[in-house]
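Q: First the structure, then my questions, so here it is.
Each reported figure results from applying straightforward, stated rules to the coordinates on display, with no laboratory input. Everything numeric in this text was worked out from a predicted model, so none of it was measured. Virtual Cβ from ideal backbone geometry, glycine too; neighbours counted across all protein chains shown.
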């Protein structure tokens, strides 16, 4: 997969035909993508696809065998590491240390003064309803509360590049929404965010663009909207009150209650179905839409086909 060449000032991460093997195991075979400032970029793939290895190469933990990686305009340096926030899938908080002390310590490692870190931590504790827990040891918190602390340590120094692996793990819907709002704010601030998750509904809500890796290769890359349109066939979904009339020319109909999915021939315009329904006096149309596939459906289709 070839990526377009762009001005480095407009690209926070560039991964170009990268490969990495461990012994006889090819973890990453040929992966390419770019991540821009002010976007949430989805790094997707099934378990064992090479996502974590790719992240570790971006962070300069592993060196690629082939290909090139540019981070924040060039090669990784110690100074650039202070501009990166990383939330790994394997959590790394000090369990026997108080929450506030952990947050302040990790913020100082990123170059923040204790005074600034304390003020910013107080804002996050209030935002995430952690004020009553800041003096507790990390080990005494639930998994969801620990996850919120981990998110704070990732974002507190306002990094230019944020890499988050399964950021919603252990969170209930209310706290998931809080973290979504925080990530949206970071995007609006201009940060580039790489998000790896298996929760495709959140990918659809949050991500601007994605790359899908399977068996070490980039197999799907682009904007969410464009990808969903690309995989759409000539299918419509209607919700009506009343009996669905005979639909001449429709190839297949599947129904769940009042919702009906109609697969049309490639040369049949969806508007003709809408006209037929509108002309039927015994039904009321509650909704009519093109049946654009979800990212979950596309994920399964693409991974299963390779």
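Q: For the chain, what is the calculated [θ] at 222 nm in deg cm²/dmol (nearest 500), taking -39500 (n - 2.57) for each run of four or more DSSP H residues and dividing by its residue count?
A: Working: 10 runs with 101 residues, N = 306.
Mean residue ellipticity at 222 nm (helix-derived): -9500 deg cm²/dmol.
Q: If I model a spin label as a point 7 Å beyond the Cα along the Cα-Cβ vector, how far apart are those points for residue 90 and residue 232 in nm?
A: 4.3
Q: Still on this structure: Can you give the translational diffusion coefficient of segment 233-290 in µm²/s, computed by Stokes-Einstein from the Kirkwood radius over Cα pairs at 25 °C and 0.890 mPa s?
A: Numbers: Rh = 11.3 Å.
Answer from the Stokes-Einstein relation: 217 µm²/s.
Q: Please compute the modelled spin-label separation between residue 247 and residue 223, points set 7 Å along Cα→Cβ, answer in nm with one decimal.
A: Between residue 223 and residue 247, the simple spin-label model gives 2.9 nm.
Q: Please give the helix 99-109 orientation as an angle from the longest Cα principal axis of the chain, in degrees from 0 to 90, rounded to the nearest 10.
A: For 99-109 against the chain, the angle is about 80 degrees.
Q: Now, a different point. Relative to the longest principal Cα axis of the chain, at what angle does helix 173-189 sit, 0 to 90 degrees, rounded to 10?
A: Tilt relative to the chain: about 70 degrees.
Q: What is the spin-label model distance, in nm, from residue 136 to residue 63 if the labels are put 7 Å beyond Cα along the C-beta direction?
A: Between residue 136 and residue 63, the label points sit 4.5 nm apart.
Q: Another question, then. Fewest Cβ neighbours within 10 Å first, please rank 68, 54 accordingly.
A: Taking fewest neighbouring Cβ atoms as first place, the list is 68, 54.
Q: Arranged from highest to lowest average of other beta-carbon atoms within 10 Å per residue, in what order do the peptides 28-40, 168-180 appear? Let's see the in-between values first.
A: Details: 28-40: 20.7, 168-180: 15.6.
Per-residue Cβ counts within 10 Å, averaged per peptide and sorted highest first, yield 28-40, 168-180.
Q: Only counting other Cβ atoms within 10 Å, I'd like 215, 51, 95 sorted with the fewest neighbours first. Write down the numbers at each step before the final one.
A: Numbers: 215 16, 51 24, 95 12.
Starting with the residue having the fewest Cβ neighbours, the order is 95, 215, 51.
Q: If we restrict to alpha carbons, what Rg and Dmax does the chain come to, in Å?
A: 23.4, 72
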